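Here the structure comes first, spelled out in structure tokens, and everything after it is commentary.
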Amino acid sequence: MYETQILSPLNPAPELVPSDRTPRYDARALTGGAGTAYIELDGQIYTLRITKSAKLILTK
């Protein structure tokens, strides 16, 4: 089975999933319950949003 790592300022590092060693994040934890989070990659800012129908949208 998969394990979900809850992230917080006190626990920022992802825990690796034992079966495949790929980090797994809970989207609601990433958005802090607000439904939106900003993700930075190589100086570019992306917006991760959870829709009302519980789908994820990632935009630049």
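The values are calculated or read from the model by the stated rules, or taken from the named source; none is laboratory data. The shown structure was predicted, so the numbers you read here are calculated from the model rather than taken from an experiment. Glycine also receives a Cβ, built like all others from the backbone with ideal geometry; neighbour counts cover every protein chain displayed.
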* Structure fact -> Of the residues in segment 1-49, those that are loosely packed, with under 10 Cβ neighbours inside 10 Å, under 21 Å from THR59 (Cα atoms) and modelled with pLDDT under 90 come to GLY33
* Looking at segment 45-54, which of its residues are of a type outside the set (Ser, Thr, Tyr) and either closer than 16 Å to TYR25 by Cβ or part of a strand (DSSP E or B) (or both)? -> ILE45, LEU48, ARG49, ILE50, ALA54
